[in-house]
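The values are calculated or read from the model by the stated rules, or taken from the named source; none is laboratory data. The model shown is predicted, which means the values in this text are computed figures rather than measured ones. Backbone-built Cβ (ideal geometry, glycine too); neighbour counts: all protein chains shown.
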Amino acid sequence: ADSQPVEDELQGALAADPPLAPTEEFLAELADHSQRLETASPQEILAWAVERFAPRFSMATAFGPEGMTIIHMLSEIAPETPIFNLETGYQFKETLQLRETVKQRYGIEVEFKYPQQTVQEYEAANGGPVYKTDPNRCCFDRKLRVLKEAARGLHAWASAIRRDQSEDRAKAPIVGWDKKFQLVKISPLANWTKKEVWNLISKHEIPYNPLHDQGYPSVGCWPCTRANLLGEDERAGRWSGFQKTECGLHD
Ligand code: SF4
């Protein structure tokens, strides 16, 4: 309930610049494709997405192992696909470095998208770090708002979520309608396991965040990420201590 005013604000802003219309017919078409692509490989799903939606197809990545896997696949299928990262100003230096690594390895320039205010301006305007008092607001201001801006003009985006990551994500279709962003959301790795992702990473020596080797299975902003304890869920180290497991991008 806390996030309702910001949700309304987001929907209002989207209404001002209408993107794809989710007509019944279009949603039925997406459901058909989703069903058909259940048995397709991630590469086939991406190839379909590019054919159907490029150049209005893009991808947002936080440079997680799944995102790196998709970047690797896109480098072979459609390296011109625009890819961006929400640079909140609170990312680890190891994460920021991956932008350079991707450029060197694949010749792909991931674009940093920044919030309007720098971290210093934002904290000064709010009397200190908002992540400590209201992480939902902080994620809204420094991620969702920026993503909403980035989504303008797009028709579809790729997401790196896997169904076995959490109960919420277990329901993700391969191709679905993202109400929040008014975009088609394509999840090529929905049916993959963590093991399949890491197998591909080691097989092709795909670059990945070195923090994963230091006990961080899921890496977000540094103030809201801690290393996992043995046996914990893979996203347990995110927003630890808050009743929060998602930044609002995927729910
Ligand atoms: Fe702010 Fe934390 Fe969300 Fe990053 S993850 S935007 S620091 S609340």
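Taking the options Pro129, Pro135, name whichever one is within 16 Å of the ligand (Cβ to nearest atom) and surrounded by 18 or more Cβ atoms within 10 Å (Cβ to Cβ).
Pro135
Being at pLDDT below 75 and out of contact with any Cys (no Cβ under 6 Å at 6 or more places or on another chain), is that true of even one residue in segment 221-229?
Scanning segment 221-229, I find at least one residue that is at pLDDT below 75 and out of contact with any Cys (no Cβ under 6 Å at 6 or more places or on another chain), so the answer is yes.
Name the one entry in Glu232, Glu205 that is among the charged types (D, E, K, R) and under 22 Å from Lys103 (Cβ atoms).
From the options Glu232, Glu205, the qualifying one is Glu205.
Go through segment 214-249 and count every residue that is in contact (Cβ under 8 Å) with a residue 40 or more places away in the chain and over 18 Å from the mean Cα position of the chain (by Cα).
3
Quickly run through segment 77-114 and pick out the residues that are among the hydroxyl-bearing types (Ser, Thr, Tyr) and away from the ligand (no atom under 16 Å from the Cβ).
Those that are among the hydroxyl-bearing types (Ser, Thr, Tyr) and away from the ligand (no atom under 16 Å from the Cβ): Thr81, Thr101, Tyr106.
Of all residues in segment 141-165, which are more than 17 Å from Thr61 (Cα to Cα) and within 16 Å of the ligand (Cβ to nearest atom)?
Of everything in segment 141-165, just one residue is more than 17 Å from Thr61 (Cα to Cα) and within 16 Å of the ligand (Cβ to nearest atom), namely Asp141.
Can you name every residue in segment 194-225 that is within 13 Å of the ligand (Cβ to nearest atom) and touching a Phe, Trp or Tyr at 6+ places or on another chain (Cβ under 7 Å)?
Val219, Cys221, Trp222, Pro223, Cys224, Thr225
Can you tell which of Lys180, Lys143 is under 21 Å from Cys224 (Cβ atoms), in contact with a Leu (Cβ under 6 Å, 6 or more places away or on another chain) and surrounded by 16 or more Cβ atoms within 10 Å (Cβ to Cβ)?
The match here is Lys143.
So Gly231 passes all but one of these: (1) closer than 21 Å to Asn85 by Cα; (2) loosely packed, with under 14 Cβ neighbours inside 10 Å; (3) among the small types (Gly, Ala, Ser). Which condition number does it fail?
With (1) closer than 21 Å to Asn85 by Cα; (2) loosely packed, with under 14 Cβ neighbours inside 10 Å; (3) among the small types (Gly, Ala, Ser) applied to Gly231, the lone miss is (1).
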